[in-house]
Amino acid sequence: MGLYDSLRRYVSRGIVPMHMPGHKRNPAFVMDNPYSIDITEVEGMDDLHHPTGEIRRLMNRFRDFYDTRDTYLCVNGSTSANMIAIASSTRRSDVIVIDANSHRSVTNSEELLGLKSVRVVRPDFDHVSQIPGPIRPSDVQEMFRHLTSAGRPPAAIVITSPTYEGVVSDIRGIADVVHPYGAILIVDAAHGAHLRLAARTDGTKLDWPESPCALGADLVIESLHKTLPALTQTSVLHRCTERVSDDTVMKWHDVFITSSPSYVLMSSMDQCMEWQECEGTKHFKLYDDRLKKIYDAVDKVDEKRRGRKRRGIVLGPENRDPSKIVVCGDGAELEASLRSYGIEPERVEDTRLILMTSPADEAAHLERVAAWLMSL
């Protein structure tokens, strides 16, 4: 028995996936026989590194949907997209300000590109969860003022928003701070590819954050596979302003993206884009309604149990991306309880557990999540 057989056995158990990838193994998004379209750069099928045909048209569809200057397909995941963005915005020995909560691809880029980094630290989100809170523009202002006065003006800043826990920073406020210094604002929004779809869906009941693409960021990285129906490793890099040129981004795209890009992955990105264009708003509205009912049900249970000991406290959706359900408590105890309901979490830590939902979640699966949450 090898990995493939082990995966098949695991899937046959019917465990509810409250983790990435965002397609959630939903049968509605299954690709027919991926082997049949696993090709190389044959005539008529375009080339990711020199896109002029179907791949260029797909890039343009993403550009138009997300309202950017250009959007680049990244089949190495957001790891490569972060590296492309940072390389496009800096030169060796430049100072770069990075979020202390950054993905390892950001810190790896710092070392690989010979940059000098300074960390900006986040305050706690609240006293209950103690998750890292939003980065404040005032803290960025103070850091940029200090570094510039010391003769070390930052060339760029990298902010993670939304975070793993769904915390969003004031991107517009941060952009207003850093742009007068001539710095490039890079937003690692790997967990935020769905936010543009939320903005295009009328009548949502939850307060969804805006996409960083609309808030003054220069370069934005988004993992399709994390929160939308797309295969693992699919990501996009958005060029949202003219502060970084298309030629510069394409140069580094050639460096960090494999010379053998998967047409299966690019086809998955095409299917994801088509779903967003044609059915996305309808499905997102249903998804928003189901999440709202979960949060409302938890609130009602909390009200009834006020003053009584609970095994877990569900972090509310306010000031966060509500797609992330964060439960605070004893991580090991919460995990054991969750697994008894046949649910697999995204992440378990000592003091909390994170569930990742997506518009591809089946209604029955979200109902099971609601039942578990109300049992706490």
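The values are calculated or read from the model by the stated rules, or taken from the named source; none is laboratory data. Owing to the predicted nature of the structure, the values given are computational and were not obtained by experimental measurement. Please note: Cβ atoms are built from the backbone with ideal geometry, for glycine as well, and neighbour counts cover all protein chains shown.
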Verdict on D288 being surrounded by fewer than 21 Cβ atoms within 10 Å (Cβ to Cβ), touching a Pro at 6+ places or on another chain (Cβ under 9 Å) and of a type in the set (D, E)
yes
Which of the following residues is out of contact with any Ser or Thr (no Cβ under 9 Å at 6 or more places or on another chain), of a type in the set (V, I, T) and within 15 Å of L185 (Cα to Cα): V158, V118?
V118
In the list I55, I39, which residue meets the criterion of being aliphatic (A, V, I, L, M) and either surrounded by 14 or more Cβ atoms within 10 Å (Cβ to Cβ) or within 24 Å of V220 (Cβ to Cβ) (or both)?
I55
Say we look at the range 169-209 and pick out the residues that are touching a residue at least 40 places away in the same chain (Cβ under 8 Å) and acidic (D, E); which of these is nearest to A150 (Cα to Cα)?
D176
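Does T227 qualify as being touching a residue at least 40 places away in the same chain (Cβ under 8 Å) and surrounded by fewer than 18 Cβ atoms within 10 Å (Cβ to Cβ)?
Working: touching a residue at least 40 places away in the same chain (Cβ under 8 Å): yes; surrounded by fewer than 18 Cβ atoms within 10 Å (Cβ to Cβ): no.
Taking the combined requirement at face value, the residue does not satisfy it.
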How many residues, within the range 119-145, are within 21 Å of R172 (Cα to Cα) and more than 23 Å from the chain's Cα centre (by Cα)?
7
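Restricting attention to the range 1-24, report how many residues are surrounded by 14 or more Cβ atoms within 10 Å (Cβ to Cβ) and in a loop (DSSP other than H, G, I, E, B).
Of the range 1-24, the ones surrounded by 14 or more Cβ atoms within 10 Å (Cβ to Cβ) are 15-24.
If we keep only those that are in a loop (DSSP other than H, G, I, E, B) as well, we get 15, 19-24.
Going through the range 1-24 one residue at a time, the tally reaches 7.
Just to be sure before I move on: is L265 under 25 Å from L197 (Cβ atoms), modelled with pLDDT of 95 or more and touching a strand residue (DSSP E or B) at 6+ places or on another chain (Cβ under 9 Å) in the structure I sent? Talk me through it step by step, then tell me what you get.
Numbers: under 25 Å from L197 (Cβ atoms): yes; modelled with pLDDT of 95 or more: yes; touching a strand residue (DSSP E or B) at 6+ places or on another chain (Cβ under 9 Å): yes.
So L265 passes the test.
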